Amino acid sequence: MRGPLAATRRFKNVLRRPPFRQHVLPTGPRAADHPRPGNEPTMTIARLLAPDRVGCCHRASSKKRVLEDLSELLAGAAPDLTVEEIFTSLLERERLGSTGLGGGVAIPHGRMAGLAEPIGAFVQLREAIPFDAVDDRPVDLLFALLVPEDADEVHLGLLAQLARMFADEAFCARLRQAGSDAELLALLQQWQPPRATA
């Protein structure tokens, strides 16, 4: 199965992974785990990013290496957190189940005390790497997300926005074709969720 419906189902499967721990997305068969259009927080994907947290044609040899690299990017926007703390948060979530949604996309994420507001980082890999994704496809587009420890609804709402964005295969193709950090950032900041049709 391909397309937006398949991607949405893969996202829901990621949310159904084992239950909440410290700094890890809470999961379970709750209504909040399946945000509906219109219930998303005012925080948008565009506000999560900055030029120094986007990487084009990035090289990473493994899942662990790319998580370390994403942690370094995120640490630049989180002065009260260390790279090691961020990496541990992302890694703990991966141990519960891969955040690889399928289609070559992954959304590593975590919640952390000491973070003032949600932040994100994005890398487009020069070569895809194994990521234990639900479809076993190697990953080459990764959006890392960190939110404050008590921001449950914001966390889930942002993940829902990201899942819809990456369900757009044409948009993902444009991300893969981008040739610079600036081009990637512009694409990510300009993305808008599709309008519902009657």
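Each reported figure results from applying straightforward, stated rules to the coordinates on display, with no laboratory input. This one's a predicted model, so the numbers in the text were calculated from it and none came from an experiment. So basically every Cβ, Gly included, is an ideal-geometry build from the backbone, and we count neighbours across all protein chains shown.
Here are a few things to note about the model shown:
- Derived scalar couplings ³J(HN,Hα) [the stretch 102-109; Karplus, 6.51 cos²θ - 1.76 cosθ + 1.60; whole Hz; x for Gly, Pro]: x, x, x, 10, 9, 10, x, 8
- Between ARG47 and GLU127, residue separation times 0.36 nm minus the direct Cα-Cα distance comes to 26.1 nm.
- Label point at GLU117 placed 7 Å out along Cα→Cβ; residues across the stretch 157-184 whose backbone nitrogen lies under 18 Å: 157-159
- One decimal place: the segment GLN189-ASP136 gains 16.2 nm when fully extended, by the rule 0.36 nm per residue minus the C-alpha distance.
- Long-range HN-HN contacts of MET112 with modeled amide H, under 5 Å: VAL147, GLU149
- Whole-Hz couplings from phi, Karplus 6.51/-1.76/1.60, listed for the stretch 125-134; x for Gly and Pro: 8, 5, 10, 5, 10, x, 9, 6, 5, 4
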